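Student: One structure is given below, represented as structure tokens, and several questions about it will come after.
The values are calculated or read from the model by the stated rules, or taken from the named source; none is laboratory data. All of these numbers come straight from a predicted model, not from anything done at the bench. Neighbour counts run over all protein chains shown; Cβ positions are idealised from the backbone, glycine included.
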Amino acid sequence: MKTILTLILISICSFCQFISAQVNQKNRVIILTDIEADPDDTQSMVRLLFYSNVIDIKGLIATTSVWQKTRVVPESIIKVIQAYGKVQPNLNKHEAGFPEAEELLMKVDEVRFRRTSIQIQYANLMNSQKEEVSNVAASTNTPAED
């Protein structure tokens with residue numbers, strides 16, 4: 001009986017060591033942001049960097065969007081990363097694994113999306129419908145009689 005308990009205890013200890021020896025892999029992520037379109041994008045970027053020790057950031061890309069059609073501002077991502085670089089050593093005191101600011105700066109890029117022909121056709125249709133509604137409204141408005 002003592003031998004069986006010893007074997008069970010050794011098996012449990014071996015299993016625990018196997019579990020703890022497995023490497024925790026980080027989830028990979030690429031961030032697309034129309035930073036500067038809204039203040040919340042900058043705030044989200046700051047929060048993302050506070051979790052950068054548990055995720056594997058592969059790219060930080062400034063993009064255009066519905067609200068920011070022609071302008072991209074990767075400089076804003078760079079400013080946030082530079083601020084992060086000032087606190088990164090302190091973050092590593094509390095929990096290891098926060099990447100260096102220089103490593104993150106190498107992952108900043110920009111992309112300008114062009115509107116597709118379908119989006120252009122839809123925009124043209126919407127504009128023509130607005131014009132029709134305006135024309136109908138203008139033709140039904142008659143001056144008030146005295």
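Student: So, in region 51-75, how many residues would count as being within 13 Å of the chain's Cα centre (by Cα), farther than 13 Å from VAL108 by Cα and not acidic (Asp, Glu)?
Tutor: Matching residues across region 51-75 total 3.
Student: Also, quick follow-up: For GLU75, are the conditions met, namely being surrounded by 11 or more Cβ atoms within 10 Å (Cβ to Cβ) and without any contact (Cβ under 8 Å) to a residue 12 or more places away in the chain?
Tutor: It is true that GLU75 is surrounded by 11 or more Cβ atoms within 10 Å (Cβ to Cβ) and without any contact (Cβ under 8 Å) to a residue 12 or more places away in the chain.
Student: Now for a different question. Would you list the helices (runs of 4 or more DSSP H) that sit entirely within region 31-137 and hold 1 or more residues that are polar (S, T, N, Q) and modelled with pLDDT of 90 or more?
Tutor: 39-50, 74-94
Student: I would also like to ask the following. What are the pairs, 6+ residues apart or on separate chains, where a residue within region 39-66 that is over 16 Å from GLY85 (Cβ atoms) has its Cβ under 9 Å from a residue that is exposed (fewer than 12 other Cβ atoms within 10 Å of the Cβ) and acidic (Asp, Glu)?
Tutor: VAL54/GLU95
Student: Restricting the first residue to region 86-114 and requiring it to be surrounded by 10 or more Cβ atoms within 10 Å (Cβ to Cβ), which pairs with a second residue that is assigned to a loop (DSSP other than H, G, I, E, B) and of a type in the set (A, V, I, L, M, F, W, C) meet a Cβ separation below 7 Å and a spacing of at least six or different chains?
Tutor: GLN88/PHE98; LEU91/PHE98; ASN92/PHE98; GLU110/VAL72; ARG112/VAL72
Student: Any idea which residue in region 1-30 is modelled with the lowest pLDDT, counting only those that are within 20 Å of the chain's Cα centre (by Cα) and surrounded by fewer than 11 Cβ atoms within 10 Å (Cβ to Cβ)?
Tutor: That would be GLN25.
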